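Undergrad: Got a structure here, written out as structure tokens. Questions coming.
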Amino acid sequence: MKITNAKVFDVQNKCFDTRTVYTDRTVFSEKSADDISVDLKGKIIVPGFIDMHLHGACGADFLDASYDSLSKIASFLAKNGVTSFSPASMTVSKDELIRAFSNAKKFKCSEGESSLEGIYVEGPFISEKKSGAQKIECILKPDRKFIDDLDSASGGLVRTVVIAPESDGAMDFIKEYKNKYNLSLGHSSCDYKTALLSMNAGITQLTHSFNAMSPINHRAPGPVLAAFDSANVFAELICDGTHIHDAVIRMMFNLFTDRLIMISDSMMATGLDDGEYSLGGQAVFVKDHVARLHDGTIAGSVSTLYDCFIHTVKKANIKIEDALIACTKNPALKLGIFDKVGSIDISKRADFIVLNDDLSINSVCLRGKFIS
């Protein structure tokens, strides 16, 4: 396919260039493999978005341990510009996790479905003090056999593991697994010093920064500023307008520059009306675009990653180039898939979004085929 007159986002230089893009079957190429030509008449092309932390959408959840649920999520994401994803678990029983991870091992994306690029293990190695919407009774100390069994059940799909570094045995666990998984500090009450020690030991990410972790204080700066002081640590942010104030979104983009990862943390209610749903076996009530447990605790989001991108650019006033990096290149780097997705470069998978001038989605191309 030959795509002409497109304003193409250049991830490496963080700019837009008007140029022609070619695809050969499922990848970007130097020339077209067929006679198909598409004139975009000045529309914008950006790499397909990568959501590395979400739980579900459109009535389905990763923990359903159902092939149909994963298929439904993957289809919904693709239509909304997310062409690669890493579904997240919750703090539930080991048997439930084994079933969900085994189901992911079987999943093969069909035409029109986003690619599953690993699993995000959010719990059970977290703190009771910062459990958030997680089940306290299922929280465990870091357990080598537990994570090995999950990874084995998934066929090696585990990519990210969340750790509260103040937990007993956490530092040893971090040192042992730092070269195998992307280890992320999350659901933690640790202080700046402990966070910094964990980052020196092998933590390279923050799980939904500020949410379920110690805040910034001028005498107790907490894990966010420990991450800022650690050059190799990336910070996730839920930019849905509910989890993080717009002023804090601006602060984080200024602090972390090219180390920010936008996530949706979406739950099964995403794409549906207000009402009662579930997350990790707990009842969740959605009202006015906010999901909460019965005690008022915010429980995941009901926004897509694309919704978060629009909010970040149009409400928080972040430069579109910076917001795009946080939705494409950075999650690809942390998932270890930047060699095949995350930018519009030759030999990478031909996943991209065509945007109108107002940034609304015009169409989505998935593995070299337009699906919308």
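Read the figures in this text as sums done on the coordinates, not as results from a lab. Since we're looking at a predicted model, the values are computed, not measured. Positions of Cβ are backbone-derived with ideal geometry, glycine not excepted, and every protein chain shown enters the neighbour counts.
Undergrad: Report the far tail of the P(r) of the range 115-218, meaning the percent of Cα-Cα pairs longer than 23 Å.
TA: That tail contains 20 percent of the Cα-Cα pairs.
Undergrad: Under 1.5 on a/c is rounded, so check that first for the range 22-89, then, if it is not, pick prolate when a/b is larger than b/c and oblate when it is not; a ≥ b ≥ c are the square roots of the alpha carbon gyration tensor eigenvalues.
TA: It is prolate, given that a/c is not under 1.5 and a/b is the larger ratio.
Undergrad: Explain nothing, just compute: Karplus ³J(HN,Hα) = 6.51 cos²θ - 1.76 cosθ + 1.60, θ = phi - 60°, for every residue of the range 265-282 in order, whole Hz, x for Gly and Pro.
TA: Working through the residues one at a time gives 6, 6, 10, 4, 6, 4, x, 10, 7, 4, x, 9, 9, 9, 8, x, x, 10 Hz.
Undergrad: Hey, another quick one. Residue separation times 0.36 nm, minus the C-alpha to C-alpha distance between Ile136 and Glu30: what's the value?
TA: Taking 0.36 nm per residue and subtracting the Cα distance, the gain is 32.8 nm.
Undergrad: If you wrap the range 5-135's Cα atoms in a convex hull and average its projection over all directions, what's the area in nm²?
TA: 10.6 nm²
Undergrad: Taking C-beta distances below 4.7 angstrom as the pairing criterion, name the unpartnered cysteines of the chain, in sequence order.
TA: Singleton cysteines: Cys15, Cys58, Cys109, Cys138, Cys190, Cys327, Cys365.
Undergrad: Would you mind getting the Kirkwood hydrodynamic radius of the range 255-352 from its Cα pairs, rounded to one decimal in Å?
TA: Result for the range 255-352, one decimal place: 15.2 Å.
Undergrad: In whole angstrom, note down how far apart the Cα centers of the range 295-366 and the range 49-101 are.
TA: One Cα centre to the other: 17 Å.
Undergrad: Find the percent of Cα-Cα distances in the range 207-321 that exceed 19 Å, and round it to a whole number.
TA: That fraction is 48 percent.
Undergrad: Aspartates and glutamates near Lys141 by alpha-carbon distance under 16 Å, same-chain residues fewer than 8 away left out - which ones?
TA: Hits, sequence-local ones excluded: Glu122, Glu128, Asp149, Glu166, Asp168, Asp172, Glu176.
Undergrad: Quick one: Kirkwood hydrodynamic radius for the range 61-178, alpha-carbon pairs, angstrom, one decimal?
TA: Over the range 61-178, the inverse of the mean reciprocal pair distance is 14.8 Å.
Undergrad: Counting other C-beta atoms within 10 Å, and keeping those with at most 14, which DSSP coil trypsin sites (Lys or Arg not before Pro) do you find in the range 247-346?
TA: For trypsin sites (Lys or Arg not before Pro) across the range 247-346 that sit outside H, G, I, E and B with at most 14 neighbouring Cβ atoms in 10 Å, the list reads Lys315, Lys319.
Undergrad: Moving on. Here are a few candidate values for percent of Cα pairs over 33 Å apart: (i) 25; (ii) 38; (iii) 35. Which one was actually calculated from the structure I just gave you?
TA: Among (i) 25; (ii) 38; (iii) 35, the one derived from this structure is (i).
Undergrad: Further, regarding this structure: At 222 nm, what helix-only mean residue ellipticity would the chain give, in deg cm²/dmol to the nearest 500, using -39500 (n - 2.57) for each DSSP H run of four or more?
TA: -7500 deg cm²/dmol
Undergrad: For the chain, what is the relative contact order in percent, using Cα pairs closer than 8 Å and at least 6 residues apart in sequence?
TA: 20 percent
Undergrad: At q = 0.12, 0.19 Å⁻¹, work out log10 I(q)/I(0) for the range 168-230 with the Debye formula, treating every Cα as an identical point scatterer and leaving solvent out; two decimals please.
TA: Values returned for q = 0.12, 0.19 Å⁻¹ are -0.25, -0.62.
Undergrad: May I ask you to list the lysines whose Cα is less than 27 Å away from that of Lys72, ignoring any residue fewer than eight positions away on the same chain?
TA: Lys94, Lys105, Lys106, Lys108, Lys135, Lys287, Lys329, Lys334, Lys340, Lys348, Lys369
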